[in-house]
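Contents: one structure, followed by commentary.
Each value in this text was obtained by applying a stated rule to the coordinates, not by laboratory testing. Every value quoted in this text rests on a predicted model; they were computed, and no experiment measured them. Here the Cβ positions follow ideal geometry from the backbone for every residue, glycine too, while neighbour counts run over all protein chains shown.
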Amino acid sequence: MLHSKSSRINETKLVGDPVFAVRHADGKRIRGKITRVFEYSGLGTVETPTGVAGNIVGLSGFEDIDIGDTIAMSEAQHALPFTQIDPPTLEMQFCVNDGPLVGKEGKLVTSRQLRERLFRELKTNVSIYIEDTEKAGVFNVKARGAMQVAVLVETMRREGFELLVSRPTVIEKQGDEKPPRTMTLVPEWDYSKHYKWAMQIDLTSCTGCGTCTIACQSENNIPVVGKEQVDKGRVMHWIRVDHYFEGHPEDVNSIRTYHQPVPCQQCENAPCELVCPVGATTHSAEGLNDMVYNRCVGTRYCSNNCPYKVRRFNFFLFQDWTTPNFEPLRNPDVTVRSRGVMEKCTYCVQRINYAKFDAEREDRRVQDGEIVPACAGACPADAIVFGDLNDPNSRVSKLKARERTYGVLESLNTRPRTTYMAALRNPNPELS
């Protein structure tokens, strides 16, 4: 396989030998002849008529060859497997300098020169993408990271180019709304040997009553902070209900209301876990974003990095630890948090553990419907369903397979375990 016109060889004689370039895209074979061979010596190259088996050499003699093509000594040989290149994660725009001081720092300033140089980079750089734009003299450059683009800009500056570059922007999606799973630096977790907990919320059934919020507060010892703290944005509820409205404000009959409960999304690729300096928020083998309260030092980095804003911080000691009458009101299976600690929805992990202990004693797996979080158990509309995705017959697996299922902010590639079923409305006025 040829990479940047370099190939591993197993023949000693090369110059003048007839060879075939096998394209990895369509398998087409192009006959050619090797005219020059270069061996690497230190940081440079040395021309040689032969090559030694096991060395990496550079070849010339082909007019049109691409990265990933195979050079074969026989026309009957097949192309080697092509190694897939990870998609780019960063995008910038390169354009000509049209300012009044053009030409002061470089001599190569035209759009034609810039375009030729950028597309020439494609011949040697395997992970960069160049695209023309509708505007003349402007080109989109996509790469794997900021350092790769910075090296390209500095190299062109030293070659005498003078150009303008835009700010780098992160590529959030690759054509589809849901990015590919490979577009991440986080290693893939293997959930096949354990449970794979997930939650599905049907927005058609949800009435926005808020019963799930109250049930979660009672189950998980969530404190009441008072109106003043709520006005300052210090709400402690682990699950909130967002309300959305559509229609014209002056036409009462046109108003439509939509409700969306928002707990922790339990992301498989959680942004909160990467920024915690003390490892207080971790990823479990079952896909839960766990909180280790006695590790938390209150930096709130996790809350700032959470796109769903479902983490809650104890700005004060909201819990009353001194009044004996309050002790029977708390759930003894849930830790009571103190000042300076971050907290969030856990899928009622205490109920999950109880069900797992019972199943282990009986030498079986947890059955579907055996675990019911507080929010799901209290919902009068049965809009919240919880279960194991590794069980194809579970109710949550069947619901997630429906076309109405979607995840919030999927373009960020967080891969949330909490997903929703889009709300349905019947527009027939006779049935409304």
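Lys/Arg Cβ at +1, Asp/Glu Cβ at -1, dipole of the chain taken about the Cα centre: which of 62, 49, 76 is farthest positive-ward?
Of the options given, the answer is 49.
Which GluC sites (Glu not before Pro) in segment 45-125 pass both tests, a DSSP loop state and at most 10 other beta-carbon atoms within 10 Å?
Taking segment 45-125 and a limit of 10 other Cβ atoms within 10 Å, the loop GluC sites (Glu not before Pro) found are 63.
Residues of segment 394-432 with backbone nitrogen within less than 15 Å of a virtual label 7 Å along the Cα-to-Cβ line of residue 258, please, listed as ranges.
404-410, 420-427
I'd like the GluC sites (Glu not before Pro) in segment 313-375 restricted to DSSP loop residues with at most 12 other Cβ atoms within 10 Å, sorted by number.
Details: sites: 343, 360, 362, 370; in loops: 362, 370.
Loop-located and lightly packed - 362.
Could you work out how far apart the two model spin labels at residue 292 and residue 29 are, taking each label as a point 7 Å from the Cα in the direction of the beta carbon, and quote it in nm?
6.0
Treating cross-link reach as a plain straight distance, find the lysines whose alpha-carbon is under 25 Å from the alpha-carbon of residue 400, omitting any fewer than eight places away in the same chain.
Within reach: 173, 178, 193, 196, 309, 344, 356.
Can you give the Kirkwood hydrodynamic radius for segment 70-182, in Å, rounded to one decimal and based on Cα pairs?
This gives a value of 16.0 Å.
Can you find, among 318, 166, 347, the residue sitting farthest towards the positive end of the charge dipole of the chain, where Lys and Arg contribute +1 and Asp and Glu -1 at Cβ?
The Cα lying farthest towards the positive end belongs to 166.
Say each of residue 50 and residue 126 gets a label point 7 Å from the Cα, pointing the same way as Cα to Cβ; how far apart are those two points in nm?
About 2.9 nm separates the two model spin labels.
Taking only Cα atoms, what is the 0 to 90° angle, nearest 10, from helix 349-361's long axis to the longest principal axis of the chain?
The answer is roughly 90 degrees.
In straight Cα distance, which lysines are under 25 Å from residue 123, not counting same-chain residues fewer than 8 positions off?
5, 28, 33, 107, 135, 142
Taking 7 Å along the Cα-to-C-beta vector as the label spot, tell me the residue 285-residue 73 distance in nanometres, rounded to one decimal.
5.1
Using the beta-carbon distance between residue 398 and residue 353 and R0 = 22 Å, what value does 1/(1 + (r/R0)^6) give for FRET efficiency, to the nearest 0.05? If you can, show how the numbers build up before the last one.
On the way: r = 25 Å, r/R0 = 1.15.
Result of the calculation: an efficiency of 0.30.
Using a simple charge model, +1 on the beta-carbon of Lys and Arg, -1 on the beta-carbon of Asp and Glu, nothing else, what dipole does the chain show about its Cα centre, in debye to the nearest 20?
Values: 54 positive and 55 negative charges, 146 e Å.
Charge dipole of the chain: 700 debye, to the nearest 20.
Per residue and in cubic angstrom, what volume does the convex hull of the Cα atoms of segment 197-421 have?
160
How many angstrom separate the Cα center of segment 231-297 from the Cα center of segment 105-181?
Result: 37 Å between the Cα centres.
Below 12 angstrom from the Cβ of residue 279, what's the summed charge of the other residues (Lys, Arg +1; Asp, Glu -1)?
-1
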